[in-house]
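A short worksheet on the structure shown next.
The values are calculated or read from the model by the stated rules, or taken from the named source; none is laboratory data. Predicted model only: the values in this text are computed from it and were never measured. When we count neighbours, we look across all protein chains shown, and the Cβ atoms used for this are built from the backbone with ideal geometry, even at glycine.
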Amino acid sequence: MLDTEYARLDVKAFDEGARTFSGIATTPTLDRQQDIFEPLGATFANPIVLLLHHDRERPVGTATLGAPTAEGIPFEASIPNVDEPGPLRDRVNEAWQSIKARLIRGVSIGYRPLKGGIDLLKGGRFHLKKTEIIELSLVTIPANVEATITAIKSLDTAAPGLSPDPASRIPLPVVRAGNGKTTMTIAEQITQFETSRAAKDARLTALMTKAAAENVTLDAAESEEYDGLELEIKSIDAHLVRLRNLEKSNAAHAVAVVLESDAAKAAAAAAGRATVPIVQVKSVLPKGTAFTRYVQAIACGRGDMWRAIEYAKQWKDSTPEVELMLKAAVAPGTTTDATWAGPLAPMKPLLNEFLELLRPATILGKISGFRNVPFNVSMPSQTAGGTYSWVGQNAPKPVTKLAFGTVTIGITKCAGIIVITEELARNSTPAAEAVIRADMIAGIAQFLDLELLDPAKAAVAGVSPGSITNGVTPITSAGTTPANARTDIVALMNALTAANIPLAGSTLIMSESNALVLSAALNPLGQPLYPLLSPSGGTGPLGVQVITSQSANGWVVLLSPPCVLYADDGGVTIDVSREASVQMDSAPDNPALATTVFTSLWQNNLVGLRAERFINWKKARTGCVQYTVQTYVG
């Protein structure tokens with residue numbers, strides 16, 4: 001399937017007998033997909049076929065393309081006279097009459113990109129530098145401003161061959177990228193110009209939307225503003241190409257910093273020579289950015305890994321590991337290839353980077369001391385201790401035994417689908433990255449915390465673990481005051497010790513709301529009752545470590561982490577789809593019912609990101625978790 005590029009149709013002096021006309025086949029202006037077609041990089045073999053609406057089965061004539069220039073490619077086309085009655089005569093007559101009546105006001109080229117002929121621009125846009133033009137088509141509604149009849153005057157002055165006097169061409173205005181700074185880096189200038197261009201383009205849309213809603217043309221002031229904004233956008237587009245070329249040139253001429261090893265430094269010091277200080281370069285990007293960009297690249301690739309790699313190239317200076325990982329996923333690996341594992345190495349740091357953010361956000365990540373075990377491995381678990389007593393001289397010693405059981409942590413996983421718009425997926429600004437990253441972290445963290453603590457959550461074999469409080473009889477709270485909270489915590493500790501569970505390393509889990517009340521409580525002297533406690537956690541009554549999560553609701557939970565088995569494969573799997581139909585519900589029907597309503601991601605221009613994490617937990621000893629239910633008030 002060929003790609004297309006639109007331009008305006010300019011019928012100048014046409015000949016009724018020969019049925020000839022001329023115009024501009026394409027220009028380097030942004031098309032409807034926000035891509036740039038480079039006329040100077042186009043190749044073709046004249047004459048090319050002239051189609052109607054890109055229908056290969058409906059040719060209406062031939063076209064001859066002129067010499068490409070930086071401003072565009074002119075063309076001359078002819079539609080034949082057919083005397084014999086039939087569908088062909090009807091088709092060519094319809095095409096010619098539509099042109100004469102101005103019903104067809106644009107043309108579109110059909111092309112294919114050549115190898116190495118595409119550069120990726122910011123925001124997922126492409127700069128088509130090398131292409132082969134296959135056909136020219138007559139179209140009714142061109143998708144860009146320059147493809148309409150209203151833009152003929154400005155295009156005539158810009159297109160080569162249509163204005164014999166170069167001095168008559170409209171000069172592009174000077175546009176400044178200003179944000180109050182007198183000096184900006186190349187990257188800052190690019191960002192400023194892109195922002196300015198987006199604002200001007202939005203104003204153009206607003207002007208035309210207003211006119212279309214009122215069924216009128218633009219008035220004199222609006223027309224002047226519109227034409228001025230068009231020229232400013234052209235000036236910005238041309239300057240952005242130059243700035244990016246300058247940025248590439250600067251990067252190509254950059255001098256690498258040579259780091260001196262410790263051994264070389266020591267040798268130099270012993271010889272009395274000066275040493276070069278070691279310079280370390282660290283990323284200033286927020287943690288999780290590389291992983292989020294990896295997800296964005298897959299989403300924008302639409303299942304095409306090559307397109308995803310091209311999209312990731314925009315970050316090669318800040319997060320090159322994203323492009324490297326995508327390339328590694330494309331290349332096949334064999335067991336005999338010594339470099340098989342090398343290209344895949346970046347995958348682990350990206351996952352670790354995301355989990356480094358995710359784990360501290362969850363209760364499981366905040367508590368240290370859990371007993372980490374592998375999936376599907378039986379482990380011994382002590383269920384009862386031995387019996388011991390004092391023994392007198394020459395008296396028999398009691399015979400005792402230990403009670404053990406086995407515990408197996410099966411494979412379970414948590415998963416969720418985040419649905420975002422195509423526009424957000426294509427947006428590569430830090431703000432969009434932060435939105436995606438925050439959604440993924442918050443969603444998984446909130447789910448895991450609730451599943452870990454909810455007493456009503458029982459284990460489902462082969463599907464999900466039960467909560468650590470499931471099956472535990474809650475201790476009755478002493479009341480709602482901060483003083484009652486101390487009594488409740490003492491009761492939880494007594495219950496733990498009664499089950500022969502050591503208090504060393506025990507951890508208290510409560511909601512941020514409860515922690516706020518306790519941290520704000522004062523004694524009669526106006527001093528904090530719990531000075532080392534805050535809404536985000538800390539040290540609570542009797543020196544117990546406190547972990548907070550709003551998912552705790554009114555549950556106040558005390559547990560011994562070493563008695564909780566915890567299995568985690570250490571990774572998060574991200575899958576992307578645009579073609580799936582999903583039930584937009586946090587509790588989807590399983591199995592689907594006849595009344596289940598599905599939303600098509602493709603039809604609604606949406607992207608589904610599915611995150612999965614294999615994780616499981618289980619109490620190794622009965623009584624290692626105790627809890628009460630209370631919402632404290634100051």
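Residues in segment 524-548 that are part of a loop (DSSP other than H, G, I, E, B) and closer than 19 Å to residue 488 by Cα: 529, 530, 531, 532, 535, 540, 544.
Determine the pairs where a residue that is in contact (Cβ under 8 Å) with a residue 24 or more places away in the chain, located within segment 35-46, has a partner that is in a loop (DSSP other than H, G, I, E, B) and polar (S, T, N, Q) with Cβ atoms under 8 Å apart, the partner being 6 or more residues away or on another chain. The qualifying pairs are 36/29; 37/27; 39/27.
Among the residues in segment 477-496, are any over 39 Å from the mean Cα position of the chain (by Cα), of a type in the set (A, V, I, L, M) and under 19 Å from residue 618 (Cα atoms)? Yes, segment 477-496 contains a residue that is over 39 Å from the mean Cα position of the chain (by Cα), of a type in the set (A, V, I, L, M) and under 19 Å from residue 618 (Cα atoms). Taking residue 102 as the residue in question, decide whether it is more than 30 Å from residue 422 (Cβ to Cβ), charged (D, E, K, R) and modelled with pLDDT under 90. So residue 102 passes the test. (1) surrounded by fewer than 10 Cβ atoms within 10 Å (Cβ to Cβ); (2) among the small types (Gly, Ala, Ser); (3) modelled with pLDDT of 85 or more: which one isn't true of residue 211, the others all being true? Answer for residue 211: the failing condition is (1).
Which of the residues belonging to segment 48-68 are touching an Asp or Glu at 6+ places or on another chain (Cβ under 8 Å) and not in a strand (DSSP E or B)? Passing the criteria: 54, 66.
Just to verify a result, which residue in segment 583-593, among those that are modelled with pLDDT of 80 or more and of a type in the set (A, V, I, L, M), is surrounded by the fewest Cβ atoms within 10 Å (Cβ to Cβ)? Ranking the qualifying residues of segment 583-593, first place goes to 593.
Within segment 297-324, the only residue that satisfies the criterion of being in contact with a Lys or Arg (Cβ under 7 Å, 6 or more places away or on another chain), within 21 Å of residue 115 (Cβ to Cβ) and assigned to a loop (DSSP other than H, G, I, E, B) is 302. A single entry from 536, 511 fulfils the requirement of being among the small types (Gly, Ala, Ser), more than 29 Å from residue 609 (Cα to Cα) and modelled with pLDDT of 90 or more: 511.
Picking from 470, 484, which residue would you name as being surrounded by 14 or more Cβ atoms within 10 Å (Cβ to Cβ), at pLDDT 90 or above, assigned to a loop (DSSP other than H, G, I, E, B) and out of contact with any strand residue (DSSP E or B) (no Cβ under 8 Å at 6 or more places or on another chain)? From the options 470, 484, the qualifying one is 470.
Among the residues of segment 111-125, which ones are farther than 10 Å from residue 314 by Cα and either modelled with pLDDT of 80 or more or out of contact with any helix residue (DSSP H, G or I) (no Cβ under 7 Å at 6 or more places or on another chain) (or both)?
111, 112, 113, 114, 115, 116, 125
Look at residue 606 and say whether it is at pLDDT 85 or above and either buried (at least 20 other Cβ atoms within 10 Å of the Cβ) or not polar (S, T, N, Q) (or both).
On the way: at pLDDT 85 or above: no; either buried (at least 20 other Cβ atoms within 10 Å of the Cβ) or not polar (S, T, N, Q) (or both): yes.
No, not satisfied.
Residue-wise test of (1) of a type in the set (Gly, Ala, Ser); (2) under 19 Å from residue 313 (Cα atoms); (3) at pLDDT 90 or above.
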residue	(1), (2), (3)
231	no, no, no
235	yes, no, no
240	no, yes, no
244	no, yes, no
249	yes, yes, no
257	no, no, no
261	yes, no, no
264	yes, no, no
267	yes, no, no
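With respect to the conditions (1) within 29 Å of residue 411 (Cα to Cα); (2) in contact with a Phe, Trp or Tyr (Cβ under 7 Å, 6 or more places away or on another chain), residue 560 falls short on a single one, namely (2).
Go through segment 69-81 and give me each residue that's aliphatic (A, V, I, L, M) and part of a strand (DSSP E or B).
So the first thing to find is which residues in segment 69-81 are aliphatic (A, V, I, L, M), and the list is 70, 73, 77, 79.
The answer is 73, 77.
Within segment 83-121, being surrounded by 14 or more Cβ atoms within 10 Å (Cβ to Cβ) and aliphatic (A, V, I, L, M) holds for 88, 92, 95, 99, 104, 107, 109, 114, 118, 120, 121.
Scoring residue 146 on the criteria (1) touching a Phe, Trp or Tyr at 6+ places or on another chain (Cβ under 6 Å); (2) at pLDDT below 80 leaves a single failure, condition (1). Scanning segment 30-41 for residues that are of a type outside the set (D, E, K, R) and modelled with pLDDT of 75 or more yields a count of 5.
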